[in-house]
Structure formats: C-alpha cells, structure tokens
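Structure first, then comments.
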Amino acid sequence: MLSNNNKSIIIYFSRADENYAVGNIDKGNTEVIAEYIQELTGADLFKVEPKKPYSKNYKECCDEALEEKNKNARPELKKYLSDISDYSTIYIGSPIYWGTMPMSMFTELEKLDFTGKTIRVFTTHEGSGLGNVVNDVKRICKGATVLDSISIQGSMVNKSKEKIKNWINELNISK
C-alpha cells in the first residue's frame, strides 16, 4: 500500500573522528548535511551505524572500508529501520568510500521496500562528487523515483546550508 502523506525521512551514514582535509571532527560531514535537511524539511532522521565502528584513524578507516567493499560485505548494524511505509520522500546520504556508499548503507537499504517512494541522494566527499551512489541507489531501491542529487565537499559542509536549501526548494518549485 502506498503512502498518501508527505512525510520524509533521512537515512544516512556519517563518521566523525579523523577526517580527510578537515582533521579531527566531532560530528561527521554527512550528519551536518542531514541535520540541515531535517531543519529545512522537518524530516525524521535515521542514522545507520555499524555494530563494529570504523577506526578513528582516517587511513585505517579507509582500509577497513575497502576490505568491506572488496568482500561485498553487509556489516551488522546497531539497529535497523524496518519500515518506511509512512514516508513518501526518502533522503539517502553518505560519504563516498571507494566510489560508493559504505557497505553498512547497503545492509540497511536492501532490507526496505521503496516501491512508490521518491528518493533524493546527497553525498559528502573531497573530490569524488556523487561517485556511483546514485546508480547503486537506483539498483537497490527498486520501484522508487530517484530525483536530482547533490554532492557537498566535506570541507565545505559548514558553509553549505544555502546550497542545501536551494536543492530542497528545486523539488518544491517543480511540483
């Protein structure tokens, strides 16, 4: 059954600690963007968190993420979002790890039914843009309409609120 409401949810992965280009951070770049989206839209938030967190060290985190990608792993999560039937719009956000989302995002997204949903993808990066995330989301989230996506350079997240606002409003204008 398709939802007739206009509720939104933001499903995202974000990592703090040692970060490329910005040093040690208390809040991950993708989480900053997710919170901007929440503030601007009133959407609910769901943070994807692997049961075994990535290393706080940037290089070790990269190595762990590459190993997961090479194994096509589906890491166990601390908690799972089991039902998105109450939502019509789903924002999906992550940093770019080796050209796509961290594998824990695959763990979560593959468990959900996206039939009839509208999806908007956002990524944070230091040069990878959207990577393969949009194609991966289209492949995983069958039955959904994936609209325009946005990528924000990680070192610019704290200056990107207006850019996010314009991106959100593009959808509202085109309706």
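The values are calculated or read from the model by the stated rules, or taken from the named source; none is laboratory data. If you're wondering where the values come from, they're calculated on a predicted model, not measured in any experiment. Neighbour counts run over all protein chains shown; Cβ positions are idealised from the backbone, glycine included.
Residues in segment 110-142 that are among the hydroxyl-bearing types (S, T, Y) and either in a loop (DSSP other than H, G, I, E, B) or over 14 Å from the mean Cα position of the chain (by Cα) (or both): T115, T118, S128.
Please verify whether L109 is out of contact with any Phe, Trp or Tyr (no Cβ under 8 Å at 6 or more places or on another chain), of a type in the set (A, V, I, L, M) and at pLDDT 95 or above, treating the condition exactly as stated. Criteria met by L109. Screening G28 with (1) modelled with pLDDT of 95 or more; (2) out of contact with any Leu (no Cβ under 9 Å at 6 or more places or on another chain) gives one miss only, at (1). The set of residues in segment 17-67 being in contact (Cβ under 8 Å) with a residue 40 or more places away in the chain, more than 22 Å from G129 (Cβ to Cβ) and hydroxyl-bearing (S, T, Y) consists of T41 alone. Residues satisfying the criterion are present in segment 112-130 (criterion: crowded, with 17+ Cβ neighbours inside 10 Å, more than 19 Å from I164 (Cα to Cα) and aromatic (F, W, Y)). Elements of the type strands (runs of 3 or more DSSP E) sitting completely within segment 8-101 and holding at least 1 residues that are surrounded by 16 or more Cβ atoms within 10 Å (Cβ to Cβ) and basic (K, R): these cover 44-47.
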